[in-house]
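Asks: Have a look at the structure that comes next, please.
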Amino acid sequence: MSQDLPRNLRLLCSYHASIVAVCQQLGVNRSQFNRYLTGETFPSLRSMRRICDFFGVEEAELLLAHGQFVELVRLRPQSTGVRAERDIVSLTAGELRMQSAKALVPYLGYYLTWYNSMSHPGQVLCALSKLYDTPFGVNIKSVESVGRPGARKFTCKYEGACFLLGDRLFMTVMETLTRNEVMQIILYPSYNNRIRYLGGVVSGVAARAPRPPSATQMVMEYLGKSVDLRAMMRRCSLYSPQDPRIPEEVRQMLSGGLRAGSQLVEAPVV
């Protein structure tokens, strides 16, 4: 078998993050794709069409002598798929998540998440959250039970990704029941061996009309690796800021935050 096709494929792959990333986006088996790269086997007609569509080349072009193909790529980079990763945002986020996974191990577990309610101004909302490991990095899952203690409530569920960037924890979460809201959370990491509180800010959109964009302080209170889920969910509710069931440290971290002489809201350092 001619080595032109394998060499041309390797050239195209070199413009992407990795062969693994190419295989994932192509939806092909890594071992099988390696056989194409080594010249051990030739792609089926269906696989060839998928490969050509992905890289943006014609089959006849991909089968050119390697020297001719190199020249074609040099002259027509945009039309041959030799360009930045097609989904550069997802690729970069995925790399950040994987790089952060080890550093986030100490933070895995359950939390009570407290923040000033965007939909019920003047109230504090408590939710139950969990940071957990996956093959793709660390995820966060959060359940809100919105309403007063003992009153009828409605549930919001959020899921998203968590990663370290610089020296801050970033979380991007989506409401999974209605899919009409994304929240961005930025927290100070814990600089102590024993994690108690993670403080920061959360931004999102209030559920009340006219759904104004909002931002406020947030505190995540660490509970441990395992908890009584029913008991913790009973604590998830709306509270008055002076409610004694809110830990004193949490109340202090949720209050204030407006930088003197400005309209800038800053989360207190834990």
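Asks: What FRET efficiency comes out for the pair A17/R245, r = Cβ-Cβ distance, R0 = 41 Å, nearest 0.05? Please list the in-between numbers first.
Replies: Working: r = 48 Å, r/R0 = 1.17.
In this case the efficiency is close to 0.30.
Asks: Looking at the chain, how many pairs of lysines come closer than 18 Å at the Cα, when each pair is eight or more places apart or spans two chains?
Replies: Summing the qualifying lysine pairs gives 7.
Asks: Taking the Cα centre of each part, how many Å lie between segment 9-45 and segment 184-203?
Replies: Each part's Cα centre sits 41 Å from the other's.
Asks: Of G27, S119, C236, whose Cα points farthest to the positive end of the dipole of the chain (charges on the beta-carbon: +1 Lys, Arg; -1 Asp, Glu; origin at the Cα centre)?
Replies: Of G27, S119, C236, it is C236.
Asks: Assuming R0 = 30 Å, can you tell me the calculated FRET efficiency for the pair T172 and N34, based on Cβ-Cβ distance, to the nearest 0.05?
Replies: Efficiency computed from Cβ-Cβ geometry: 0.35.
Asks: Work out, step by step, the length gained on full extension between I186 and R7: first 0.36 nm times the residue separation, then minus their alpha carbon distance; give nm to one decimal.
Replies: Separation in residues times 0.36 nm, less the Cα-Cα distance, equals 60.0 nm.
Asks: Ok, one more. Only four residue types carry charge here, +1 at the Cβ of Lys and Arg and -1 at the Cβ of Asp and Glu. Report the dipole size of the chain about the Cα centre in Debye, rounded to the nearest 20.
Replies: Computed about the Cα centre, the dipole is about 760 debye.
Asks: On to the next question. Of the candidates Q25, Q123, Q184, which one comes out as most mobile in a Gaussian network treatment of the chain with C-alpha springs shorter than 10 Å?
Replies: Highest fluctuation of the listed residues: Q25.
Asks: Starting from the Cα gyration tensor of segment 183-234, take the square roots of the eigenvalues, sort them a ≥ b ≥ c, and report rounded, prolate or oblate (rounded when a/c is under 1.5, otherwise prolate if a/b is larger than b/c, else oblate).
Replies: Taking the square roots of the gyration eigenvalues as a ≥ b ≥ c, segment 183-234 is oblate.
Asks: For segment 125-140, what does the Karplus curve 6.51 cos²θ - 1.76 cosθ + 1.60, with θ = phi - 60°, yield as ³J(HN,Hα) per residue in whole Hz, taken in order and with x for Gly and Pro?
Replies: Per residue, the Karplus-derived 3J(HN,Hα) values read 9, 10, 10, 9, 10, 9, 9, 9, 7, 9, x, 9, x, 8, 10, 10 Hz.
Asks: Quick check on packing: order 161-169, 227-235 by the mean number of other C-beta atoms within 10 Å, highest mean leading.
Replies: 161-169, 227-235
Asks: Count the net charge of all other residues whose Cβ sits under 13 Å from the Cβ of A60, scoring Lys and Arg as +1 and Asp and Glu as -1.
Replies: -3
Asks: Going 7 Å from the Cα of A215 along its beta-carbon direction, which residues of segment 153-191 have the amide nitrogen within less than 16 Å of the resulting point?
Replies: The answer is 168-173, 182-188, whose backbone nitrogens lie closer than 16 Å to the label point.
Asks: S226 accessible area, nearest 10 Å², 1.4 Å probe?
Replies: Here the residue's solvent-accessible area equals roughly 100 Å².
Asks: Under the classification rounded if a/c is under 1.5, otherwise prolate if a/b is larger than b/c and oblate if not, where does segment 1-63 fall, given a ≥ b ≥ c as square roots of the Cα gyration tensor eigenvalues?
Replies: In terms of gyration-tensor shape, rounded.
The values are calculated or read from the model by the stated rules, or taken from the named source; none is laboratory data. As the structure is a computational prediction, the values presented were derived from the model and not from experiment. Here Cβ is always computed from backbone atoms with ideal geometry, including for glycine, and neighbour counts include all displayed protein chains. Quick note on the areas: whole protein, heavy atoms, side chains included, nothing else; ligands and nucleic acids left out. Shrake-Rupley method; radii C 1.70, N 1.55, O 1.52, S 1.80 Å.
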